[in-house]
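The values are calculated or read from the model by the stated rules, or taken from the named source; none is laboratory data. Keep in mind that this is a model prediction, so the values were computed, not measured. Please note: Cβ atoms are built from the backbone with ideal geometry, for glycine as well, and neighbour counts cover all protein chains shown. Side chains included, ligands, DNA and RNA excluded: accessible areas come from the protein's heavy atoms. Shrake-Rupley method; radii C 1.70, N 1.55, O 1.52, S 1.80 Å.
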Amino acid sequence: MSPYVMQRLPRYWKRPEEFLPERFEPGSPWHEERPPSAFIPFGLGMRKCIGERTAVLQMKLMLAALVREFRFELPAGYEAGAGGRRALVPRDGLPLVVERRRRADRRPREHELTG
């Protein structure tokens with residue numbers, strides 16, 4: 001089974017060639033209509049990728065690096081509201097203003113410590 005092909009089958013995905021992250025939001029039409037095995041980024045069963053845990057760990061480390069280097073803030077005047085079935089899902093998406101942190105705001109890396 002090919003994840004590339006499976007994740008582009010029109011019978012499981014509306015507009016399968018488009019990048020639509022909202023299709024994974026609980027309550028969206030895409031989330032409700034597809035079987036759980038339609039999205040298999042790491043495969044399934046005995047052919048499941050042995051690097052899944054490593055890939056997820058790398059994503060967490062990359063997120064930590066991004067948070068260290070950049071500041072993420074809500075735009076001025078934006079009021080977040082909860083929506084959907086879960087209380088922690090933003091009602092209207094989550095626009096962000098991204099700015100590089102000043103050197104003084106960044107925590108030094110271990111190898112940058114002196115003294």
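Test Arg23 against the stated conditions and say whether it is out of contact with any His (no Cβ under 8 Å at 6 or more places or on another chain) and of a type outside the set (A, V, I, L, M, F, W, C). Answer is no for this residue.
Using the structure shown, decide if Arg85 is modelled with pLDDT under 70, of a type outside the set (Gly, Ala, Ser) and surrounded by fewer than 12 Cβ atoms within 10 Å (Cβ to Cβ). So Arg85 fits the description; yes. Annotation: of all residues in the stretch 24-44 being farther than 22 Å from Met1 by Cα and not acidic (Asp, Glu), the one that is least open to solvent (accessible area, probe 1.4 Å) is Ser28.
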